[in-house]
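Colleague: I am attaching a structure below and will ask some questions about it afterwards.
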Amino acid sequence: MPLSYDTIKHWQFDDLRHTYTQKDTMLYALGIGLGEDPLAAQQLRYVYEGDLHAFPTMSVVLGYPGFWMRDPRAGIDWVRLVHGEQRLTLHAPVPAEGTVLARSRITHVIDKGADKGALVIAERTLHDEAGKHLATLAQTTFCRGDGGFSKGKEGDKAGKSDTPPPALPAVPDRAPDRQLSLHVSPRAALIYRLSADMNPLHADPEVARKAGFERPILHGLCTYGMAARAIVEAWADGDASRLTQLDVRFSAPVYPGETLAFDMWQEGDQIRYTARSVERNVVTLNCGVAQVKKR
């Protein structure tokens, strides 16, 4: 059964209540590499209960609706899915522990063409129990095997397809204003998966080889969290509460044990950024956009 625009666009998600503890908050922070320096007070606040704060990109693992695209009713070739982009707007600090209410909906179903795949954009909002809006997330999934759904059979009326949202901007064509490198722990994927995606692709070498990788790969959202670390360290003096936006396009997978080099540019009130695997000289994150509040 091919992808159906109406089925996907009107997919019904249950509201989710997600209760998490201080241990969950610390585990997420450890998964993106915080706490490697036990004397760095700005990192210790995310991994130690003495003055615990939630690192803001933990939003991406709260209220996740599950792997709904694997449902046969979706008509999606889920084996060929790729996480294309992630966007995040932070409206208020995420508590170090508590309960959030998550609401998800599909905002765009885009046909790129029969041989070019399709894009499905899911939006998720997070509120605390008092109703305060904490975060808005948008995840773009690239459905590589599902393009052409809007064309119909020969002689049929063309089906529906949404207009894509504005594209993330390319980074400036000049030397970066700031640069920073972060080491990816060899155990990063094994730790991060305990907070989120338990896909064996990130743990089992045999599964990774069958998927075409030389060894297990890092979660894209773990790389994303490391990008937030780089932005916060380079532009916010280590204070993650100043981060209000983080958008990016995923370009290539990262292997645990590699080094990520972040190039960053200031463009008006935005920070543009990329990430590159130093060992393979491969761009892994591109078209990054971040915003940091001034003091």
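Rule-based calculations on the coordinates, nothing more; no lab input. Predicted model only: the values in this text are computed from it and were never measured. Cβ sites come from the backbone with ideal geometry, for glycine too, and all protein chains shown count toward neighbours.
Colleague: So between residue 173 and residue 190, what do we pick up on full extension, going 0.36 nm a residue minus the alpha carbon distance? Numbers along the way, then the final one.
Modeller: Working: separation 17, 0.36 × 17 = 6.12 nm, distance 3.64 nm.
Working it through step by step, the gained length comes to 2.5 nm.
Colleague: What fraction, in whole percent, of alpha-carbon pairs in the chain exceed 28 Å separation?
Modeller: 39 percent
Colleague: Any chance you could run the full-extension gain for residue 107 through residue 281? It's 0.36 nm times the residue separation minus the Cα-Cα distance, nm to one decimal.
Modeller: Length gained, residue 107 through residue 281: 59.2 nm.
Colleague: Now for a separate question. Using just the helices of the chain, give the 222 nm mean residue ellipticity in deg cm²/dmol: DSSP H runs with n ≥ 4 each add -39,500 (n - 2.57), and the total is spread over all residues, rounded to 500.
Modeller: -4000 deg cm²/dmol
Colleague: If every alpha-carbon in the range 1-165 counts as one equal scatterer, what log10 I(q)/I(0) does Debye give at q = 0.13, 0.17 1/Å?
Modeller: -0.71, -0.99
Colleague: Contact order normalised by length for the range 167-295, with contacts defined as Cα pairs under 8 Å and 6 or more residues apart; what percent is it?
Modeller: Once divided by the residue count of the range 167-295, the mean separation gives 31 percent.
Colleague: Another question, if that's okay. Calculate the all-directions average of the projected area of the range 84-218's alpha-carbon convex hull, and give it in nm².
Modeller: 13.2 nm²
Colleague: Next question, about the same structure. Quick check: net charge around residue 208, other residues with Cβ under 12 Å of its Cβ, Lys/Arg +1 and Asp/Glu -1?
Modeller: Once positives and negatives cancel, what remains is 0.
Colleague: Let me ask you something else. If you split all Cα-Cα distances of the range 167-295 into 5 Å bins from zero, what percentages do you get per bin, shortest first?
Modeller: Computed distribution, short to long bins: 2, 11, 20, 22, 19, 12, 8, 4, 1, 0.
Colleague: At a 10 Å Cβ-Cβ cut-off, how would you order 242, 295, fewest neighbours first?
Modeller: In increasing order of surrounding Cβ atoms, one gets 295, 242.
Colleague: Output the pairs from 116/151; 9/151; 116/160; 23/210 with a Cα-Cα distance over 23 Å in this structure; if there are none, say none.
Modeller: The answer is 23/210.
Colleague: Which length gain, in nm to one decimal place, applies between residue 114 and residue 163 when the Cα-Cα distance is subtracted from 0.36 nm times their residue separation?
Modeller: Here the segment from residue 114 to residue 163 would lengthen by 16.0 nm.
Colleague: Moving to a separate point now. Order of 204-216, 41-53, 273-285 by packing, highest average Cβ count within 10 Å first?
Modeller: Details: 204-216: 13.2, 41-53: 15.8, 273-285: 18.4.
The packing order, highest mean first, is 273-285, 41-53, 204-216.
Colleague: Looking at 40, 88, 27, which one has the Cα that reaches farthest to the positive end of the dipole of the range 1-165 (charges on Cβ: Lys, Arg +1; Asp, Glu -1)?
Modeller: Of 40, 88, 27, it is 88.
Colleague: In addition: Restricting to Cα pairs below 8 Å that are 6+ residues apart, what does the relative contact order work out to for the chain? Please round to a whole percent. Numbers along the way, then the final one.
Modeller: Numbers: 660 pairs, mean separation 54.3, N = 295.
18 percent.
Colleague: If I model a spin label at residue 79 and residue 199 as a point 7 Å from the Cα along the Cα→Cβ vector, what separation in nanometres do I get?
Modeller: Modelled inter-label distance: 1.5 nm.
Colleague: If you average over every viewing direction, what projected area does the convex hull of the Cα atoms of the range 155-209 give, in nm²?
Modeller: Spelled out: convex hull of the Cα atoms, projected over all directions, averaged, 9.7 nm².
Colleague: Choose one of 182, 13, 268: the residue whose Cα lies farthest towards the positive end of the charge dipole of the chain (beta-carbon charges +1 Lys, Arg; -1 Asp, Glu; about the Cα centre).
Modeller: 13
Colleague: On to the next question. Can you tell me the order of 63-76, 94-107 when each peptide is scored by its average per-residue count of other Cβ atoms within 10 angstrom, highest first? Please list the in-between numbers first.
Modeller: On the way: 63-76: 15.6, 94-107: 17.7.
Per-residue Cβ counts within 10 Å, averaged per peptide and sorted highest first, yield 94-107, 63-76.
Colleague: Distance in nm between label sites at residue 18 and residue 89, each 7 Å beyond Cα in the beta-carbon direction?
Modeller: 1.9 nm
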